[in-house]
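**Student:** Quick one: this structure, given as structure tokens, is what I'll be asking you about.
Each reported figure results from applying straightforward, stated rules to the coordinates on display, with no laboratory input. In this text the structure is predicted, and so the values were computed from the model without any measurement. With ideal geometry, Cβ positions are generated from the backbone for all residues, glycine too; neighbour counts draw on all protein chains shown.
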Amino acid sequence: MSLLDKEYDVLVVGAGVAGVHAAYAAALKQAEVLLLTSSWDTVATLAWGPSWQSANLKKQRPLPGFAGKALAKSLIYQGQRGEGLLTLTDSFKYQGAWKHHLERMAGVTVFQDTCEALEADKRGWTALTSWGASLKAKTAMLAIGPFLQERAKTGEATRLEGRPGETGAERLIESIASLGIGVSEDECRAAPTVAAHSINWDLVRKGAAGKSAGPVGVVYWTKAAGRGRIELAPTSVAGDQIYLQGWKNQPLQDIAGLEKAHTTRPAFSVKYLTVSRQVMDREHMRGLFFAGRLAGAKSYGESAEQGLRAGAAAANVSRET
Amino acid sequence: MNDNTRYDIITIGAGHAGCEAALAGARMGCKVMMTAINIDRIAHMPCNPSIGGIGKGQLVREVDALGGEMGRNIDATLVQIKTLNGSKGPAVQALRAQADKRQYSRLMKAKILAEPKIGLRQGEVVAIERAGEEELQVRTADGATFTAKCVIVATGTFLKGEMVIGEIKRPGGRAGESASSFVSGALQRLGLELGRFQSATPPRIWAGSIDATRMIAQPGDVGPLAFSFAGAGRRGRRQKDCYLTYTNKKTHKVIADNLHLSPIKSGSVSAKGPRYCPSIDRKVINFPDRDRHPVFVEPEGWENEELYLQGLTTSMPITVQEKIIRSVEGLEQARIMRPGYAVAYDFVLPHQLKNTLESNAVPGLFAAGQINGTSGYEEAAAQGLIAGINAALKCLGKEPLIVERSQAYIGVLIDDLVTKEIDEPYRMFTSRAEYRLVLRSDNADIRLTPIGHRLGLISDGQMEKTRKKRRGTDECLAKLKATSVRTLDLPGIAVVVAASPAVLKAIDLLRRPEVTIDTLAKIARLGKITKESRHQAEIETKYEGYIKRQLDQIAAQKRLEGVRLPSVDYARIEALSMEARQKLARIKPQSLGQAARIAGVTPADISILMVAIRSKTPAGGEN
């Protein structure tokens, strides 16, 4: 049967952290999952730095099954930081792990295209894609991260970017409005990433040598005059790029060790729309789920947990239909 | 303006051209900034997950011989490697490797991040302007400005990129990635003329949905094979297979029935596409008598279940794409993961560049890669390397590097780009090189490594290795010339040379097609001579006549190549044909040899030019 004619049990729109966990959880429950993404190259992207925090900051519950394995495979460092844990993940490895796992997982079909509209009918949901496909599923889940945005007013150049250089669904906001789903504005910020070779390592401080669960044993940190601690978080095991975890808009020349630092990825912020939690309980929205940043998650851990819950719930609902 | 915003060289774009340019510039001592819209997309392969092939393999070997990075990078990240045309002559043999795309990109990025003289920076360039006498200024979308003596534009297919499937168009340089909206305007304001081309990529399918038993396995070679002269390759390394299958009448019928939906036919893409990498739609239109076309099913990496369908490039609507693919043997159940699509983009008409890849209009502004109207990662890398080298030489106040057609495929590539009218995306072939017996894969190091060493891009160790190879070849030839062989001593060959004299020089025996250097190794005592040197000696002996002829042609042509053309007011040389005057003024050739290659300039025009230069007729001044 054509991949385009098949009716899926669960349609997951978005293959970020929430989306991959949702697809995984739904497939584990024997659902036929279609994972739709604008770019299969950016699956499970960790765009907001390498640090993982669970929904409950004090207790970092390990994620189940492959979700936990993917983190373990890509761990850079895990060590105590005050009352919590600092967990740093190699985004390239994390992405590779999820990409390959979902490509091989029974019940998961991956398709690269952008969802421009989502419509409900008696049977379930239909996603209309920008390249003209009409994909049907019993239940649908939106996990598009920061890619739901206001349409630019007519006349202005339309450039909807959920992350710098990455495009998303220009018209999905119209479907959201037609479904009567309330949205509110939110904003997310990423700190700068600097080249490791441009840091003056003599002027920064060594983190406490505790037990690290990852291959990197020590993470350095520094301070700008007076204000809080900035962890020099490597974004990969090789450590060639350093994310400034805890940065609060200080100019680099005011930070010890970073006076001559070269920025590889400047700080950026993205304004996006989130969907209110109440929506998920409404009766006529049965079969429509939201997870991740779109549903207000503020960390990868929270996105992952929401994805797992929503994926399992969607699989359950699809069996009842 | 502080030190952090002042550079020697800025490269715009971090694709295959941008990476070679930045690495070369930095290794030659310059401070380089590399900008990219997305720094997670460094040296990305948006189309075929492979490096090398006919003509292209030669380019990679040359880039490596000069000190560029592509050869080493693919050697470390390949999934398969083989020699093409192994049964044919050495002039057309080439290496081809399938890459692990993700690893290739990651490794190149690591090298760039490890180079302290390169400042990699994410940002979209929105303006390029002159800034003072000898500087250019680049501004990014976040408002930052940077200045440099040289700017290398290597933006690939991103300029006003627009993707097309069927009748649907969306802005973007690649799937999911924003186009570059402002660089085209910036280049036009600087006085550059742009054209528009179109490229396309085939669908990717899920590996779990093919029937490999119905296709022909295409394994790699046992080896050892390597692109880089600095590497040895590994014999028997783990490799993945490709598969060969064919389209059929059913496929062609699906395409014919749906041609009205193809962007090429319907006219929704008016830009010119590549003749030599055409979509399957175009193949069916152009070759209606062929009842099948080959389709190569290629892996995209080790831990990767996506397969690339070489030969099924299409931008038909998705439902039609699925029908086309499923009509092919072995692909009846294929599941599309990523649809194929076409992308139209602006490019710089390359005749506006010198043969150093610096623009005529703007000193310090270079262009390299697909932006110059080429197609292919290898063509891009070659241009990036030359642009990077010349930008660095300019910053160092030294004479530029001009690679001649007789020296390298790189020379053929650049000369073709800056001399000819490029009306479709340019791809390298061995047939483009008139001296291809001299420009071989096996001797790229002999030809080019001394240059790379002089520039500081090749280590002393590698240079010595190259010298040793040449010495070994000369030693081998000397031994062959000195050794006499009694034909009776070679029982295996005796029958064939039955009509020959009883005693022959080894070198004369080697000229015979059935005799290989391995047969003569023992008797000519070649024991200590390396395989590479022996191989070279063998080729130089077997093809001596042809090689000599090409070397003579090169020498004859050198005279014309050596005549530099000062800036001339061609309009005032009335004896020239009108067409010649227009073309010469447009292309501004650097030498008489280059002028002779311009379409529309006849030998008579060349003679007139020769006279005009010698008698110093009205000229605009010396170069």
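**Student:** Out of the DSSP beta bridges found with both residues in chain A, what percent are antiparallel (nearest 5)?
**Tutor:** Here the antiparallel bridges make up roughly 70 percent for chain A.
**Student:** Scanning chain B for helices, which whole DSSP H stretches are 24 Å or more long along the axis (Cα) and average 0.5 or more by Kyte-Doolittle?
**Tutor:** B:377-395
**Student:** Also, I was wondering about something else. If one computes the Cα centroid of the stretch A:19-40 and of the stretch B:1-59, what distance in Å separates the two points?
**Tutor:** So the two Cα centres are separated by 36 Å.
**Student:** Would you mind telling me the antiparallel percentage of the DSSP bridges in the protein assembly as shown, rounded to 5?
**Tutor:** Here the share of antiparallel DSSP bridges comes out near 70 percent.
**Student:** With an 8 Å Cα cut-off and a minimum separation of 6 or more residues, compute the relative contact order for chain B in percent.
**Tutor:** So the answer I get is 16 percent.
**Student:** Counting only Cα, what are the radius of gyration and maximum Cα-Cα distance Dmax of the stretch B:295-399, in Å?
**Tutor:** Taking only Cα atoms of the stretch B:295-399, I get Rg and Dmax of 20.2, 61 Å.
**Student:** Something else now. If you place +1 on the Cβ of every Lys and Arg, -1 on the Cβ of every Asp and Glu, and leave all else neutral, what size is the dipole of the stretch B:140-223 about its Cα centre, to the nearest 20 Debye?
**Tutor:** For the stretch B:140-223, the charge dipole is close to 180 debye.
**Student:** Of B:Thr516, B:Ser375, B:Leu455, which is farthest towards the positive pole of the protein assembly as shown's charge dipole, taken about the Cα centre with +1 and -1 on the beta-carbons of Lys, Arg and Asp, Glu respectively?
**Tutor:** It is B:Thr516.
**Student:** Cα-based Rg of chain B per 2.2 N^0.38 Å, rounded to two decimals?
**Tutor:** That works out to 1.02 for chain B.
**Student:** I've got another one for you. Out of B:Pro90, B:Ala110, A:Ala209, whose Cα points farthest toward the positive end of the dipole of the protein assembly as shown (charges: +1 Lys, Arg; -1 Asp, Glu; placed on Cβ)?
**Tutor:** Farthest towards the positive pole: B:Pro90.
**Student:** How far apart, in nm, are the 7 Å Cα→Cβ label points at B:Asp211 and B:Arg572?
**Tutor:** 7.6 nm
**Student:** Consider a paramagnetic label point 7 Å from the Cα of B:Asp142 along Cα→Cβ; state which residues of the stretch B:6-36 have an amide N under 12 Å from it.
**Tutor:** B:36
**Student:** Hey, got the dipole for the stretch B:556-616? About the Cα centre, +1 on K and R Cβ, -1 on D and E Cβ, debye to the nearest 20?
**Tutor:** 220 debye
**Student:** Let me ask something else about it. Treat each spin label as a single point 7 Å out from the Cα along the C-beta direction, and report the A:Lys122 to A:Leu179 distance in nm.
**Tutor:** A separation of 2.1 nm, rounded to one decimal place.
**Student:** At each listed q (0.14, 0.20 Å⁻¹), what is the log10 of I(q)/I(0) that the Debye formula gives for the stretch B:460-553 modelled as equal alpha-carbon point scatterers?
**Tutor:** Calculated log10 I(q)/I(0) at the listed q: -0.54, -0.96.
**Student:** With the cut-off at 54 Å, report for the protein assembly as shown the share of all Cα pairs above it, as a whole percent.
**Tutor:** The proportion of pairs with Cα distances above 54 Å equals 19 percent.
**Student:** Can you tell me the length gained on complete extension of the stretch B:Glu329 to B:Glu167, counting 0.36 nm per residue apart and subtracting the Cα distance?
**Tutor:** Result: 55.5 nm gained on full extension.
**Student:** If I take R0 = 45 Å and measure r between the Cβ atoms of B:Arg6 and B:Glu424 in this structure, what FRET efficiency does the formula 1/(1 + (r/R0)^6) give, to the nearest 0.05?
**Tutor:** Using R0 = 45 Å, I get an efficiency of 0.65.
**Student:** Net charge near B:Tyr243, counting Lys/Arg +1 and Asp/Glu -1 over other residues with Cβ under 13 Å of its Cβ?
**Tutor:** -2
**Student:** Among A:Ala291, A:Gln241, A:Leu75, which residue has its Cα furthest toward the positive end of the charge dipole of chain A, with +1 on Lys/Arg Cβ and -1 on Asp/Glu Cβ?
**Tutor:** Of A:Ala291, A:Gln241, A:Leu75, it is A:Leu75.
**Student:** What number, in percent, do you get for the relative contact order of the stretch B:556-616 if the mean sequence gap of Cα pairs under 8 Å and at least 6 apart is divided by its residue count?
**Tutor:** It rounds to 37 percent for the stretch B:556-616.
**Student:** Set the Förster distance to 25 Å, then compute FRET efficiency between B:Ala521 and B:Ser431 from the Cβ-Cβ distance, nearest 0.05.
**Tutor:** The calculated FRET efficiency here is 0.15.
**Student:** Set the Förster distance to 56 Å, then compute FRET efficiency between B:Arg189 and B:Glu464 from the Cβ-Cβ distance, nearest 0.05.
**Tutor:** Once the sixth-power term is evaluated, E becomes 0.70.
**Student:** Taking the Cα-to-Cβ direction at B:Asn85 and at B:Val503 and moving 7 Å from each Cα, how far apart do the two end points lie in nm?
**Tutor:** Each label point lies 7 Å from its Cα, and together they span 4.1 nm.
**Student:** Hey, another quick one. Let me spell out the model: positive unit charges on the Cβ of Lys and Arg, negative unit charges on the Cβ of Asp and Glu, origin at the Cα centre of the stretch B:460-553. What dipole size does that give, in debye rounded to 20?
**Tutor:** It works out to roughly 220 debye.
**Student:** Also: Let me confirm one metric for peptide A:38-44, namely the mean number of other chain beta-carbon atoms within 10 Å of its residues' beta-carbons.
**Tutor:** Whole-number average of other-chain Cβ neighbours for A:38-44 is 5.
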